[in-house]
Amino acid sequence: MLTVKHLAKSYDGEKKSLTDVSFSVQPGEVTVIIGPSGAGKTTILRSINQLIRDDDGEILFDNTDIRQLNRAQLRQARCRIGMIFQNYNLIEPLTAIENVLHGCLGTKSNLAGIFSIYRNREKEEALKLLEKVGLAEFAYQQCRNLSGGQKQRVGIARALMQQPKIILCDEPIASLDPKSTITVMDILRDLATNDGISVLINLHQVDIARSYADHVIGINNGQVVFDDRIQALSDTAIASIYQKDANSEGSVVHEF
Amino acid sequence: MNSDVQQVTNFFNTKRLRLSIILVIFGLAYIGASIGLGFQTQSLLNVQAGIAWLIHNFIPNEASQGYWNEIIQQLFRTFIVAVASTTCAAVVSLFLAIIGAQTLTPAITVSWVIRCLSSLLRNIPIVAWAMILLFSFKQNDLTGFLALFFMTLGFLTRAFMETIEDFGTEKIQALQATGATYLQVIFQGLLPEIAVALMTWILYMIENNVRDATLVGLLTGTGIGFIFNLYFKSLRYGAAGLVVLSVIILVVAVELISNLIGRLLS
């Protein structure tokens, strides 16, 4: 479904943010990327839909390399890749239903998109999705008035509106309270199990990964250090994912 | 303990000393400038005589009431020129700001050129604009309109550009991630988010331009500025005073209305 090979990225041309990252994602599975802050999790996720231009490697999505596509082709590919964010990134003054309908902009003509001319089929779909994430009665609420958990669910509905094959989740629960965290993670889990969508999540919380993931990819210092089923994620494996490299470990010891 | 107290005392002493030095520098600057300009400080004592003369002559009297009709006509005309120039400039500014903002620009050179252009337009004083344009467009409303238009264009382009840049790239990226086109991102994402901020800037600029239009009219021989000049030069001070009063009322009214709209928007 999605295969990443030898992905590399450097932001300043010197320090490598990613060095040779390879992994693949299966349909209908929740794949979680864990690792310390600054390990390169976000860079990996954003390279997949090319919000960040990487330097080298291959990203095979449905057997085409996303990195080689021209602008129009990339837009077509992005239509099938949903994405949700830590800060939700909804258009706050607009209502929930408008934000959900943004999910089908990619399939519309420029003018239809600009003037919000949606087909009846699309409107029905949007309402259905709001119902699916439990926000049917908030359809005409401005998103700025919603709570964090509700915003994230609107974000999920927007991503689903794209009829995605994969959903990329960049720290989806980092700003949420424990109750909303469970709601959001339950929805994501359900999308993989029952709708066969691949869900790829950047996470900080190992315990959440344990309860929801099928597969875990551990990233440390821009490299894949763990790539296996969740059952294989032992405490030693976690320690190795979160370990500092030799130099900084020394300095941490001095600090304490 | 004692040395700690000493340290606090020293801290305040240093602070006081710094303030004193700054005040002395200001004082010296004033004295230096007075000598340079031949300004006599004691002449300030006669200010009240001048003000008394102003009040006596410029307070509108019975005779000046007859001018209301003409004044209101010209005031309205000036107001329309100010609003028209601001709104026209706002439309062009928004376009320039979008392609000029670093987060949305198609090429960094475009951004750079627009920045320079807006800086140039903005930094030519309105009076200079009016006088330059007078050569080509003569004494009519169009000259005033254009002078206000160019200055507003420079100012609003800059203000809009900063508003757009403050908006950031995250939400733009979120819409790009759905496969939306550049124009779709702008109309569905950027504009709804910054609409209120844009309106606030436009209202501020209308207020500003109502004031400036008076001055520009004085130079281009149109509108309220022109009749102020006319009454003033023909020694009809009462009527001139009435013009000043009417401009103040208009500006305050515009300000109140713009505050009201601002509150309704947010």
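The values are calculated or read from the model by the stated rules, or taken from the named source; none is laboratory data. What you see is a predicted model, and the numbers here were worked out from it, not measured in a lab. Don't worry about glycine lacking a Cβ; one is built from the backbone with ideal geometry, like all the others, and counts go over all protein chains shown.
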Seminar exercise, completed: Listed by first then second residue, the pairs whose first member lies in segment A:87-107 and is more than 7 Å from chain B (Cβ to nearest Cβ), whose partner is assigned to a loop (DSSP other than H, G, I, E, B) and hydroxyl-bearing (Ser, Thr, Tyr), with beta carbons under 7 Å and at least 6 positions apart or on separate chains, are A:THR95/A:TYR140; A:ILE97/A:TYR140; A:LEU101/A:TYR118
Seminar exercise, completed: Scanning segment A:148-191 for residues that are out of contact with any Leu (no Cβ under 8 Å at 6 or more places or on another chain), among the acidic types (Asp, Glu) and either crowded, with 24+ Cβ neighbours inside 10 Å or outside any loop (DSSP other than H, G, I, E, B) (or both) gives A:ASP186, A:ASP190
For this session: Kindly indicate the residue of segment B:187-225 that is farther than 30 Å from B:ILE249 by Cβ and more than 8 Å from chain A (Cβ to nearest Cβ) and also surrounded by the most Cβ atoms within 10 Å (Cβ to Cβ) among those meeting that condition.
Result: B:LEU190
Exercise. Would you call B:ILE31 loosely packed, with under 10 Cβ neighbours inside 10 Å and outside the structural domain of B:VAL244 (by TED's automatic domain parsing)?
Worked result: no
Exercise. Condition test on A:CYS169, is it within 14 Å of chain B (Cβ to nearest Cβ) and over 20 Å from the mean Cα position of the chain (by Cα)?
Worked result: no
Exercise. Which residue out of A:LEU101, A:LEU105 is touching a Phe, Trp or Tyr at 6+ places or on another chain (Cβ under 6 Å) and in a helix (DSSP H, G or I)?
Worked result: A:LEU101
Problem set entry | Single condition B:LEU104 does not satisfy, out of (1) assigned to a helix (DSSP H, G or I); (2) crowded, with 17+ Cβ neighbours inside 10 Å | (1)
Exercise. Only one of (1) free of Cβ contacts under 8 Å to residues at least 12 places away in the same chain; (2) assigned to a helix (DSSP H, G or I); (3) more than 20 Å from the chain's Cα centre (by Cα) fails for B:ALA128. Which number is that?
Worked result: (3)
Exercise. Just one of B:PHE79, B:PHE137 is free of Cβ contacts under 8 Å to residues at least 60 places away in the same chain and closer than 26 Å to B:ALA213 by Cβ; which is it?
Worked result: B:PHE137
Exercise. Which pairs have Cβ atoms under 6 Å, sit 6 or more apart or on different chains, and link a residue in segment B:217-233 that is in the same structural domain as B:LEU134 (by TED's automatic domain parsing) to one that is assigned to a helix (DSSP H, G or I) and basic (Lys, Arg)?
Worked result: B:GLY223/B:ARG77
For this session: Please specify each residue of segment A:196-211 satisfying the condition of being more than 15 Å from A:VAL25 (Cα to Cα) and surrounded by 14 or more Cβ atoms within 10 Å (Cβ to Cβ).
Result: A:LEU203, A:HIS204, A:GLN205, A:VAL206, A:ILE208, A:ALA209, A:ARG210
Exercise. Can you tell me which residues in segment B:160-181 are more than 7 Å from chain A (Cβ to nearest Cβ) and either on the phi > 0 side of the Ramachandran plot or in contact (Cβ under 8 Å) with a residue 60 or more places away in the chain (or both)?
Worked result: B:PHE160, B:MET161, B:THR163, B:ILE164, B:GLU165, B:PHE167, B:GLY168, B:THR169, B:ILE172
Problem set entry | Scan of segment A:37-73 for residues that are of a type in the set (A, V, I, L, M), buried (at least 17 other Cβ atoms within 10 Å of the Cβ) and in a helix (DSSP H, G or I), ordered by number | A:ILE44, A:LEU45, A:ILE48, A:ILE66
